[in-house]
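The values are calculated or read from the model by the stated rules, or taken from the named source; none is laboratory data. Quick caveat, the model's predicted, so the values are computed rather than measured. All Cβ positions, even for glycine, are placed from backbone atoms using ideal geometry, and neighbour counts span all protein chains on display.
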Amino acid sequence: MAEYNPRLAVYPGTFDPLTRGHMSLIFRGLRLFDNVIFAVADSTPKHTCFSWEERVEMARATFAGEPRIIVEGFHGLLMDYVEHRGAGAILRGLRAVSDFEYEFQMALMNRRLSREVQTVFLMTDYNWMYLSSTIVKEVALNGGNVKGLVSEPVLSKLTEKYRFMLNEEKGEPHS
């Protein structure tokens with residue numbers, strides 16, 4: 001059995017893309033834990049806009065200079081990754097009651113897989129309750145301004161990605 005560090009948490013997700021809501025949650029998590037691993041999932045049932053490598057790269061750029069935040073990508077089952085890293089907790093955010101049912105189910109399954117690892121839920125800061133990666137992508141795709149909703153590295157990648165996609169749809173040459 002692995003040695004679990006109760007002061008180390010894993011904050012897992014797809015993060016497609018990483019938003020200010022995610023950032024708020026991880027910084028609040030650092031009030032409870034010595035270090036938080038920002039774990040970008042490779043496998044997901046969701047259709048992602050950004051590749052796994054791009055999502056990891058954006059997170060690393062966003063959290064550069066934050067030594068207590070460790071950005072890593074992971075493959076496979078979350079609990080295998082958490083055990084491998086020796087984390088004592090999984091950090092999860094809840095925006096609304098609608099998030100709770102899914103998160104509760106996942107927490108119970110994770111608890112069944114490892115009784116040593118705790119799931120810690122934090123409510124999203126009220127400033128970001130409406131924010132989701134899906135909304136950010138929709139607004140960006142339709143030419144809306146998402147500045148202030150994502151970090152500068154993410155904004156740059158979103159702008160680049162959607163400018164390219166919109167040019168492709170219009171049949172315009174690449175710039």
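Report every pair of residues separated by at least 6 positions or lying on different chains whose Cβ atoms are under 8 Å apart, first residue within region 94-112 and closer than 21 Å to Ile26 by Cα, second surrounded by 14 or more Cβ atoms within 10 Å (Cβ to Cβ) and among the aromatic types (Phe, Trp, Tyr).
Leu94/Phe121; Arg95/Trp128; Glu103/Phe121; Ala107/Phe121
Which residue out of Tyr11, Tyr102, Tyr81 is among the aromatic types (Phe, Trp, Tyr), loosely packed, with under 14 Cβ neighbours inside 10 Å, out of contact with any Ser or Thr (no Cβ under 6 Å at 6 or more places or on another chain) and on the phi < 0 side of the Ramachandran plot?
Values: Tyr11 fails: loosely packed, with under 14 Cβ neighbours inside 10 Å; Tyr81 fails: loosely packed, with under 14 Cβ neighbours inside 10 Å.
Matching residue, one of Tyr11, Tyr102, Tyr81: Tyr102.
Provide a single number: the residues in region 105-129 that are hydroxyl-bearing (Ser, Thr, Tyr), within 19 Å of Leu18 (Cα to Cα) and surrounded by 12 or more Cβ atoms within 10 Å (Cβ to Cβ).
So the first thing to find is which residues in region 105-129 are hydroxyl-bearing (Ser, Thr, Tyr), and the list is 114, 119, 124, 126.
Then drop every residue that is not within 19 Å of Leu18 (Cα to Cα), which leaves 124, 126.
From what's left, surrounded by 12 or more Cβ atoms within 10 Å (Cβ to Cβ): 124.
The total comes to 1.
Filter region 58-81 down to residues that are among the hydroxyl-bearing types (Ser, Thr, Tyr) and under 30 Å from Leu108 (Cβ atoms), then give me how many there are. So that I can check it myself, show each step before the final result.
Our first condition is that a residue be among the hydroxyl-bearing types (Ser, Thr, Tyr); within region 58-81, this holds for 62, 81.
Those left that are additionally under 30 Å from Leu108 (Cβ atoms): 81.
Of the residues in that region, 1 qualify.
Of all residues in region 14-47, how many are surrounded by 17 or more Cβ atoms within 10 Å (Cβ to Cβ) and closer than 17 Å to Val150 by Cβ?
Of the residues in region 14-47, 15 are surrounded by 17 or more Cβ atoms within 10 Å (Cβ to Cβ) and closer than 17 Å to Val150 by Cβ.
Only one of (1) hydroxyl-bearing (Ser, Thr, Tyr); (2) without any contact (Cβ under 8 Å) to a residue 40 or more places away in the chain; (3) buried (at least 18 other Cβ atoms within 10 Å of the Cβ) is not met by Thr62, so which one is it?
Checking Thr62 against (1) hydroxyl-bearing (Ser, Thr, Tyr); (2) without any contact (Cβ under 8 Å) to a residue 40 or more places away in the chain; (3) buried (at least 18 other Cβ atoms within 10 Å of the Cβ), the one that fails is (2).
Can you pull out the residues in region 1-39 that are in a loop (DSSP other than H, G, I, E, B), touching a residue at least 40 places away in the same chain (Cβ under 8 Å) and over 10 Å from Arg68 (Cα atoms)? Quick ask: steps written out before the conclusion?
If we filter region 1-39 for residues that are in a loop (DSSP other than H, G, I, E, B), which is where we start, we get 1-4, 14-19, 30-34.
Next, from what is left, pick out any that are touching a residue at least 40 places away in the same chain (Cβ under 8 Å): 1-4, 14-19, 32-33.
Within region 1-39, Met1, Ala2, Glu3, Tyr4, Thr14, Phe15, Asp16, Pro17, Leu18, Thr19, Leu32 qualify.
Going through region 108-145 one residue at a time, which ones are under 18 Å from Lys157 (Cα atoms), aliphatic (A, V, I, L, M) and in contact with a Phe, Trp or Tyr (Cβ under 8 Å, 6 or more places away or on another chain)?
Ala140, Leu141
Between Thr159, Thr124, which is at pLDDT below 95, under 20 Å from Arg55 (Cα atoms) and not basic (Lys, Arg)?
Working: Thr124 fails: under 20 Å from Arg55 (Cα atoms).
Selected residue: Thr159, the only one of Thr159, Thr124 that is at pLDDT below 95, under 20 Å from Arg55 (Cα atoms) and not basic (Lys, Arg).
Only one of (1) touching a helix residue (DSSP H, G or I) at 6+ places or on another chain (Cβ under 6 Å); (2) without any contact (Cβ under 8 Å) to a residue 60 or more places away in the chain is not met by Cys49, so which one is it?
Going through the list (1) touching a helix residue (DSSP H, G or I) at 6+ places or on another chain (Cβ under 6 Å); (2) without any contact (Cβ under 8 Å) to a residue 60 or more places away in the chain, Cys49 breaks only (2).
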